[in-house]
Amino acid sequence: MLQAIARLALAAPRRVVAVALLVVAFSAIVGVPVAKSLSPGGFRDPTSESWRASQILSDKFGQGDMRMIIAVTSDGGVHSRASVAAGSELVAQLTGFPFVTAVTSAWTAPPQAAQTLTSKDGKTGLIVVGIAGGESEGQKHAKMLVDRLPRLDGVTVSVGGEVMGNLQMINQTKKDLLVMEAISLPLSFIVLVWVFGSLLAAALPLAVGVFAILGSMAVLRVIAFTAEVSIFTLNLILAVGLALAIDYTLLIISRFRDELSDGAARDEALVRTMATAGRTVLFSATTVALSMAAMALFPMYFLKSFAIAGIAVVAFTAVASVAVTPAVIVLVGEHLDSPNVRLFARRLLRRPQPVRRPVDQTFWYRCTKAAMRHSIPVGLAIITLLLVLGAPFLSVKWGYQDDRVLPRSTSARQVGDELRTNFAVNSLTDVIVVIPDAAGVTPPELARYASQLSLVPDVSWVSSPGGTYVGGRVVGPPSAPAGVKGDSALFTVSSSAPLYSQASDAQLDRLHAVPTAAGRGIELTGWAQINRDGAHAVTKRLPLVLSVIAAITFVLLFLLTGSVVLPLKALLLNVMSLTATFGALVWIFQDGHFGGFGTTATGTLVASVPVLLFCLAFGLSMDYEVFLISRIREFWRVSAKTRADNDESVALGLSRSGRVVTAAALLMAVTFASLIAANVSVTRIFGVGIPLAVLMDATLVRMLLMPALMRVLGRANWWAPAPLARLHQRFGISESDLPDRSWPQIRAADWAVLKTGLGSSVASKVPTA
C-alpha cells in the first residue's frame, strides 16, 4: 500500500496536494469556531456518589448544579448603608432570572448563616447563587448575569465561584492558544531550519501540522454537537499535532535523503522511503493513538475528550505524513533543499564542504559503543538516577481543580483567595447530605440525625429541615439549603476542615458513619466528596487502563520485532522514565519548588492530569522506541544473528537514527514547552512534564540505557517461544518489502568496520555503494 502511495505521488503530485488543500479549507471552516462549543469541566465522575447527590439537588430541590459567588466589599463594612443597599439590589435582581435556583446572602440569611457569609474584617459580604444548566449552559447563564449586573456606587463587586471560574477558564484558554501559537510556530520553524538545513524542507512539517490541527478541530466540533468535549483538548491538538508532524516528516525526509546519498535514483529512493520510514510512521501512529484511546475507559469526559482528540490528531498527522509529504517531495523536486541555509552559512564563514565520515567515526556510533562497553555501570547509574527522580511521586496527594488554576488577575481567583484567607468558614468546604429515600421518616428522626451530624469534629453547624444545629442543639431556623421534597431530605453541613486535607477526608468518613434517620442510605456531595470521588474514579480504573496500554504495546512491538523480550524491555524503560517525570511534577507543582513554574502550589495534583500526561508521554516515548528498533532490526534481520551481530546492529541502528530521534525530541520539547506560556496551571503542567519526559527518554533512556540493556541481553533480545515465532512469521509486520536492500547502502569507507563487527556472513548480504 505504501509503495502504491509513493507511486501515486510520483504520478500525480499536484492532484494529491490539491486534495489536501481542499481538506484544509473545509476543516478550517468547520473547525476554527470549535472553542465556542467546548466546556472547561469534565473532571467529575458521572457514576459517583457526589454526582448522584447533585442530580437529586437539581431535580428535586431546585438547587443549581453550578454556583456563583458574588463578593460585595465596602470600606464602611457589611452593614453600612452603601453595602446594604447594594446587597439588597443584587439579590432582588438575581432572583428574577428563571435559571437562578437559589440566592443566599449576608443581608438576607438567618444570623448563623449570615455570620459565615461575612468576612473576618467585616468589610465583605457574600451572595451565593445557585445556577441551573450544568457546565455548558451554566456558563452561558453566568455570562448573562455578569453582563447585567448593575454598577453600584460605594462598593466593589467581584464575581467568582465554580461557574465563573469555568467561564474565565474558557476565555483564558482562548488567549493562551494565540500566545502558544505565536511562540511555538516561529520557534519550531527556526529549529527546523537548523535541523533540515533549508527553508522549504523546514516548512513542510509545519504544513502537515496545520493539516492535522485543523482536521482535528473539525472532528471535535462535530462531536461537540452531541457530547460534552473538554476545551483543554485544543491545547493537546495544537501541541501534539505540531510535534508528531515534525517527528514523522523528519523521519521521512531524513530517510529519503539517506537513500539518495546511498546512490538511489529519486523515484527508487521515494518508494524505498515509504516502504521503510512510511511504514514506521504508520506503526508508530497506531501505537500512539491506541495509548491515547485507553483514556476512554475513564468515566470523566475530560479524559474521554482527550482520547477522541488524540486519535483524531494522530490519524490526521499520519495520513498527511504518508500521503501529502511524498507528493510535496516530488512536486518540489531538487528544490527541497532550497534555499540551502547551511551552504549559505558555510560560504559566509568560508568553511569547506563537510566530508561524510565513516560510520565508526560518527558521534552516535561511538557513543553507543561506549555505552555498551560499560553497559553494567551505565545501566545501574541511569536506573538509580531515574529512581531518585521518581521518589517524590510516592508522596503524591490527589486533589480537584479549583479557581487556583487561574491567574491571580481573574475575579474568580480573587474571590477564591478572599474566601480562603478572610472568612472564618469557607462556603466551598460545605458538605451536602442527601437522603434519597426519606419516605416515612418523621421530623423528630430527621432532627436527631441533624443533631448527630453537628457533633462530628470540624462541623461548624448543620442546616436541616427543622432548623440549624450547633454542637447537638438547635440554634435557629435553617441557615442554608435544607428541607424535604417528595421522598428526599436535604442537609447542609458547614465544615471548618481545609479542603484536600486529612482532616477533611476523615470528616467525610465520620459523616458517612453517622447512623441515618430510620437507617436510610445517604449520598454526599460538595467539593470534598467530589475530590474523593474523582481520585477514586481514576485510581480504581488505573490498573485496567495500564494493563490495556501494556497489552497493546506488547502486541504491536511483538508484531514488529518478533521478540517477546524487546516489548518487555520497552515497557520497563517507559515506566521508569515516566516515573522520574512524575516525581519531578510532584516536587514542582504539588510541593511548590522552583516557584511551581508560576503556578500556585495547593499541596495536591488533579488526579486526571497525571493520567493524561502518562498516556500522552507513554505514546510519544514509544514513538522513539519504534523509530530506533525499526532501524536496528533492519541490520539484525540480514546478519548472522550472533551476539556480536546484536551489538553491531544496535550501534549501526543508533548511528543512522540517533540524530533524527534527538532532533525530533528537541523539536517536540520546544513545541510542548510553549504550553508553559499558558496562564491555566493545568496546561502549564503539560508544558513542563512532556518536554521533561521526552528529553529524558530520548537521551538517557534511548541513547544510553537501551543500548546498555541490549548489550547485556545479547541474542536474547530477539527471542520468542517457538509457537509465537511461528505466529510472527505468519502475521508479523515487516519493516520493508525489499529484502535485498533492506540494509541501508553503506559507503566502501564504512565497510571495514562492518566486517570487523559482523563478520563475513553479513558481508555477502550487504550491497555496496
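The values are calculated or read from the model by the stated rules, or taken from the named source; none is laboratory data. Quick caveat: nothing in here was measured; it's all calculated off a predicted structure. All Cβ positions, glycine included, derive from the backbone under ideal geometry; neighbour counts span all protein chains shown. The protein model used for the area step is the full one, side chains on, heavy atoms only, and it has no ligands, DNA or RNA in it. Shrake-Rupley method; radii C 1.70, N 1.55, O 1.52, S 1.80 Å.
General remarks:
- Restricting region 511-529 to residues that are within 35 Å of the chain's Cα centre (by Cα) and not hydrophobic (A, V, I, L, M, F, W, C), the residue that is surrounded by the fewest Cβ atoms within 10 Å (Cβ to Cβ) is 512.
- Restricting region 666-708 to residues that are among the hydroxyl-bearing types (Ser, Thr, Tyr) and buried (at least 21 other Cβ atoms within 10 Å of the Cβ), the residue that is nearest to residue 588 (Cα to Cα): 681
- Output for region 420-445, where each listed residue is surrounded by fewer than 17 Cβ atoms within 10 Å (Cβ to Cβ) and under 31 Å from the mean Cα position of the chain (by Cα): 420
- Pairing residues of region 202-221 that are in contact (Cβ under 8 Å) with a residue 60 or more places away in the chain and polar (S, T, N, Q) with residues that are open to solvent by 30 Å² or more (accessible area, probe 1.4 Å) and in a helix (DSSP H, G or I), at Cβ distances under 6 Å and at least 6 apart in sequence or on separate chains, gives 216/316.
- Of 62, 130, all but one fail to be at positive phi and either surrounded by fewer than 21 Cβ atoms within 10 Å (Cβ to Cβ) or not in a helix (DSSP H, G or I) (or both); the exception is 62.
- Residue within region 573-588 that is under 28 Å from residue 430 (Cα atoms) and in contact (Cβ under 8 Å) with a residue 60 or more places away in the chain present: yes
- Cβ-Cβ distances below 7 Å connect the following pairs, each with a first residue in region 353-379 that is closer than 21 Å to residue 262 by Cβ and modelled with pLDDT of 85 or more, a second residue that is in a helix (DSSP H, G or I) and open to solvent by 90 Å² or more (accessible area, probe 1.4 Å), and a separation of six or more residues or different chains: 364/659.
- Tally, over region 348-397, of residues that are hydroxyl-bearing (Ser, Thr, Tyr) and surrounded by 14 or more Cβ atoms within 10 Å (Cβ to Cβ): 4
- Criterion (open to solvent by 20 Å² or more (accessible area, probe 1.4 Å), without any contact (Cβ under 8 Å) to a residue 40 or more places away in the chain and either among the basic types (Lys, Arg) or not in a loop (DSSP other than H, G, I, E, B) (or both)) met by exactly one of 653, 595: 595
- The C-beta contact set for region 154-176 (first residue at negative phi, second residue surrounded by fewer than 17 Cβ atoms within 10 Å (Cβ to Cβ) and not in a helix (DSSP H, G or I), distance under 7 angstrom, 6+ apart or interchain) comprises 157/149.
- For residue 638, the conditions (1) among the aliphatic types (A, V, I, L, M); (2) touching a residue at least 60 places away in the same chain (Cβ under 8 Å); (3) assigned to a helix (DSSP H, G or I) are fulfilled apart from (3).
- Qualifying residue in region 114-122 (condition: crowded, with 19+ Cβ neighbours inside 10 Å, small (Gly, Ala, Ser), at pLDDT 85 or above and out of contact with any helix residue (DSSP H, G or I) (no Cβ under 7 Å at 6 or more places or on another chain)): no
- Filter result for the condition that a residue is more than 29 Å from the chain's Cα centre (by Cα), within 23 Å of residue 221 (Cβ to Cβ) and at pLDDT 90 or above, over 19, 30: 19
- Looking only at region 500-513, residues that are among the hydrophobic types (A, V, I, L, M, F, W, C) and farther than 12 Å from residue 457 by Cα come to 1 in all.
- Residue check, residue 167 touching a helix residue (DSSP H, G or I) at 6+ places or on another chain (Cβ under 7 Å) and in a helix (DSSP H, G or I): yes
Quick grid of which residues meet (1) of a type in the set (Phe, Trp, Tyr); (2) in a loop (DSSP other than H, G, I, E, B); (3) modelled with pLDDT under 90:
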| residue | (1), (2), (3) |
| --- | --- |
| 84 | no, no, no |
| 90 | no, no, no |
| 136 | no, no, yes |
| 140 | no, no, yes |
| 154 | no, yes, yes |
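- Scanning region 478-495 for residues that are at pLDDT below 85 and exposed (fewer than 15 other Cβ atoms within 10 Å of the Cβ) yields one hit, 486.
- Selection count, region 391-416, where residues are of a type outside the set (Asp, Glu) and under 19 Å from the mean Cα position of the chain (by Cα): 10
- Filtered by the rule that a residue be over 19 Å from residue 243 (Cβ atoms), part of a helix (DSSP H, G or I) and either touching a residue at least 60 places away in the same chain (Cβ under 8 Å) or open to solvent by less than 20 Å² (accessible area, probe 1.4 Å) (or both), region 279-299 gives 279, 294, 297.
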